[in-house]
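Data block below; observations after.
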Amino acid sequence: MELSKTAADPMPAEDRVSVSHSEPELVPSRYPLKIGDIEVLVVSDGVLSLPGPMLGHNADPSVRSAWFKEMFLPYDELDWALNVVVVKSGDRTILIDAGMGVAFPDLPRAGRTVQRLESAGINLASITDVAITHLHMDHIGGLLIKGVKERLRPDLRIHVAEAEVNFWESPDFSQVSMPTGFPEALRKTATRFLQEYKGQLQTFENQSELAPGVLITRIGGHTPGHSVVRLASRGERLTFAGDAVFPVGFQHPDWFNGFDHYPEEAARVRIQLLRELAANRESLVATHLSFPSVCHVAIDGDTFRWVPGHWRY
Ligand SMILES: [Zn+2]
């Protein structure tokens, strides 16, 4: 009952957050783990229903549809996971990406980050830093929900690569493959975000240490300023890869994602990152890998193998 109500939410987008957070959810959609001394909480923002072929728009259609079948995934319209992460290290509480928000009404099953942080007992005012992997709307929209900015601390620091901020002054959409309306919505959301939060932005060129063992590093590809967040403590490691890795990226790392602005570079960056994660034997969490997304990467011949994480409870 609740599920179908959520799927066809008739409420105006602006009201959705305040109304639904009063009702406890059947599935809390949060998953805690520890990397050494660093506390990590993966939170689902919801799902994005998007065309399956967007996961590999340069792939041979028959090979592509065979992959979907093999993975038991629907082809025409697929629910992409949308994960954000909260990291506590030292005296910092860092939100990594902020989910979809409510600015784009065509994706009404996402946008739950604020509500789910609050039900996890995380007050918005306790967040000291936000790390932004890139300025696509499904990664920043949560901070644009009405009333959110007022509840964040005035000394909040928002970390984003300088190259990302520069890119959105005149973004290049010539190599993407997105449904109609997306380029315009992405452009608008990024511009609005940069305007609203310009006083809080802390840009970095290639790398910045946000807290003990928490490093944000620009890798580019998906967007020129796309960054990953790497955690290391007491010999344990985890990388939040943002949009550098999609579910198809292990077996077909050279498939172009429809949201990649520079798909060839994105594929190069993805292969390099997956090789490194496999060699380090570290954990991987990525925005659009099925919740809670915690997994490992193994080498499999010329490509990679996805190894789901075991639930540690
Ligand atoms: Zn994304």
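Bear in mind these aren't lab numbers, they're just calculated from the coordinates by the rules spelled out. Keep in mind that what you see is a predicted model, and the values were worked out from it rather than measured. Cβ coordinates were reconstructed from backbone atoms using ideal geometry, including for glycine residues, and neighbour counts include every protein chain displayed.
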> Shape of the stretch 27-80 from its Cα gyration tensor (a ≥ b ≥ c, root eigenvalues): rounded if a/c is under 1.5, otherwise prolate when a/b > b/c, or oblate?
Replying inline: prolate
>> Let me spell out the model: positive unit charges on the Cβ of Lys and Arg, negative unit charges on the Cβ of Asp and Glu, origin at the Cα centre of the stretch 205-297. What dipole size does that give, in debye rounded to 20?
In response: 280
>> Would the chain count as rounded, prolate or oblate if I go by the C-alpha gyration tensor, calling it rounded below 1.5 in a/c and otherwise prolate when a/b exceeds b/c, oblate otherwise?
In response: rounded
> Percent antiparallel among DSSP beta bridges with both residues in the chain, to the nearest 5?
Replying inline: 75
> If you stretched the chain out fully between TYR313 and ARG192, how much longer would it get, using 0.36 nm times the residue separation minus the C-alpha to C-alpha distance?
Replying inline: 39.6 nm
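Considering only the stretch 124-220, what is the antiparallel percent among its DSSP beta bridges, to the nearest 5?
35
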> Looking at the stretch 217-288, what % of its DSSP beta bridges pair antiparallel, to the nearest 5?
Replying inline: 70
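Is the stretch 260-313 best put as rounded, prolate or oblate by its Cα gyration tensor, with a ≥ b ≥ c the root eigenvalues, rounded for a/c under 1.5, and otherwise prolate when a/b is larger than b/c, oblate when not?
Working: a/c = 2.45, a/b = 1.45, b/c = 1.69.
It comes out oblate by the Cα gyration axes.
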>> Take GLN202 and GLN251, extend 7 Å from each Cα along the Cα→Cβ direction, and tell me the distance between the two endpoints in nm.
In response: 4.2
>> Please arrange PHE72, PHE246, PHE291 by how many other C-beta atoms lie within 10 Å of their C-beta, fewest to most.
In response: PHE72, PHE291, PHE246
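When the Kirkwood hydrodynamic radius is evaluated over all pairs of different C-alpha atoms of the stretch 138-292, what value in angstrom, to one decimal, is obtained?
By the Kirkwood definition, the hydrodynamic radius is 16.6 Å.
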> For the residue pair GLU276 and THR180, what label-to-label distance in nm results when each label sits 7 Å from Cα along the Cα-to-beta-carbon direction?
Replying inline: 4.1
> Which lysines have a Cα lying under 22 Å from the Cα of LYS146, excluding residues fewer than 8 positions away in the same chain?
Replying inline: LYS188, LYS198
> How high is the FRET efficiency from ARG305 to GLU150, r the C-beta distance, R0 41 Å, rounded to 0.05?
Replying inline: 0.35
>> If the reach is capped at under 23 angstrom between alpha carbons, list the lysines near LYS88, excluding any in the same chain fewer than eight residues apart.
In response: LYS34, LYS149
